[in-house]
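Structure, as structure tokens:
The values are calculated or read from the model by the stated rules, or taken from the named source; none is laboratory data. In this text the structure is predicted, and so the values were computed from the model without any measurement. Here the Cβ positions follow ideal geometry from the backbone for every residue, glycine too, while neighbour counts run over all protein chains shown.
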Amino acid sequence: MRRSPSPGCVRSGGGVIIGVASGKGGTGKTLIATGLAATLARRNKASVLLIDCDVEEPNAHLFLRPTICWQEDVSLPIPKVREDLCTHCGRCAAVCEFRAIAVARERVFVFPQLCHGCGSCARRCPQGAIIEEPRVLGTIRAGSALGALQFADGQLQVGEALATPVIRRLKVRALREGCGADAVILDAPPGTGCPVVETLRGCDFALLVTEPTPFGLHDLELALKVAREALGMPVGVVINRDGVGDERVSEFCMQAGVPILLRLPFDRRIASAYAAGKLWVDELCEYQEPLLELYEGIAAGSRAPG
Ligand code: SF4
Ligand code: SF4
């Protein structure tokens, strides 16, 4: 395993907030997020909050086995039109930028799956004909694990496409209740779309997990565009399964000025522990020290002035 010093990052109001992301699934993002959080908790190095923001397919709980202490539904206010009051003037449809409401000659149609619950149509209706009803998008929950670890995750309803409001609410409530944590680790969804942007927004540091393959390089380039170029975040890279591919990811990082903070070697024991639903850093304690150094490098950067 080889490690490099990390760059500085902007310190948040409470502890340092690290978003763990990758351009696609299957690169080891959850492996790193859970391994880092569990190591900090096990070694009593920091009070830690892990938020699994992959609300379409949350799986950090499989390894951490948290005890859940609260759960809540996340919903959006969806318009419902009172036809007895509606004059079919069309103003609601004109103001909706998501084309979630359409006005025909004698009827108004609402398309809940397209609606973002912004309320513009209700505010614009001159007849007061639009009332709002909640539509549940998913659930969020939180609890504790390993004795010292705070945990939160969310689950999108089956068939639901709007992950962003669920992630937003998950972050707000989990961060509010875990505001005393020294370290907050967010496991982002795969990809580079709106759910990833919502996860990384407000983080102090983006830890991008990749693997040394052509696909890994391609997805790292995309993730870097989101984290560094679009969001202006300090970034660092973890290369997972180091040794299986080539040096192109390393060369790219050098040319792009992105520090490689950790190289996790290809180790069948890690894959076996992960596949068995075991916490890999408990099974393979030799990996705890490099993960601690990874965290301490990022946290030290967050404390550095400027
Ligand atoms: S703005 Fe109000 S009155 Fe006009 S079409 Fe929409 S619901 Fe009906
Ligand atoms: S609440 Fe917003 S997104 Fe939904 S239909 Fe009304 S204007 Fe469109």
| query | Before we move on, is Arg105 more than 16 Å from ligand 2 (Cβ to nearest atom), of a type in the set (Lys, Arg) and not in a helix (DSSP H, G or I)? | reply | yes
| note | Here the qualifying pairs (Cβ atoms under 7 Å; residues six or more apart or on different chains; first in region 121-132 and part of a loop (DSSP other than H, G, I, E, B); second near ligand 1 (Cβ under 6 Å from one of its atoms)) come out as Cys125/Arg91; Cys125/Cys92; Pro126/Cys89; Pro126/Arg91; Gln127/Cys86; Gln127/Thr87; Ala129/Val81; Ala129/Cys86
| request: Report whether or not Glu97 is over 26 Å from Tyr274 (Cβ atoms) and either more than 16 Å from ligand 2 (Cβ to nearest atom) or touching a strand residue (DSSP E or B) at 6+ places or on another chain (Cβ under 9 Å) (or both). | output: no
| note | Out of (1) within 27 Å of Leu207 (Cα to Cα); (2) within 16 Å of ligand 2 (Cβ to nearest atom), the one Ile78 does not meet is (1)
| query | Which condition number does Gly138 fail, the rest of (1) at pLDDT below 95; (2) in a strand (DSSP E or B); (3) among the small types (Gly, Ala, Ser) being met? | reply | (1)
| Residue in region 83-114 that is farthest from ligand 1 (Cβ to nearest atom), counting only those that are small (Gly, Ala, Ser) and either more than 29 Å from Ala163 (Cβ to Cβ) or surrounded by 14 or more Cβ atoms within 10 Å (Cβ to Cβ) (or both) | Ala100
| Which of the residues belonging to region 238-289 are in a helix (DSSP H, G or I) and either among the aromatic types (Phe, Trp, Tyr) or touching a Lys or Arg at 6+ places or on another chain (Cβ under 6 Å) (or both)? | Phe252, Tyr274, Trp280, Tyr287
| query | Does any residue in region 87-108 that is assigned by TED's automatic domain parsing to the domain that holds Gln127 come within less than 9 Å, Cβ to Cβ, of a residue that is hydroxyl-bearing (Ser, Thr, Tyr) and within 8 Å of ligand 2 (Cβ to nearest atom) six or more places away or on a different chain, and which pairs are these? | reply | Cys92/Ser120; Val95/Ser120; Cys96/Ser120; Glu97/Ser120
| query | When the residues of region 115-126 are filtered to those that are surrounded by fewer than 15 Cβ atoms within 10 Å (Cβ to Cβ) and at negative phi, which remaining residue is farthest from ligand 1 (Cβ to nearest atom)? | reply | Arg123
| task | Filter region 208-236 down to residues that are aliphatic (A, V, I, L, M) and part of a loop (DSSP other than H, G, I, E, B) and give me whichever is surrounded by the fewest Cβ atoms within 10 Å (Cβ to Cβ). | result | Leu231
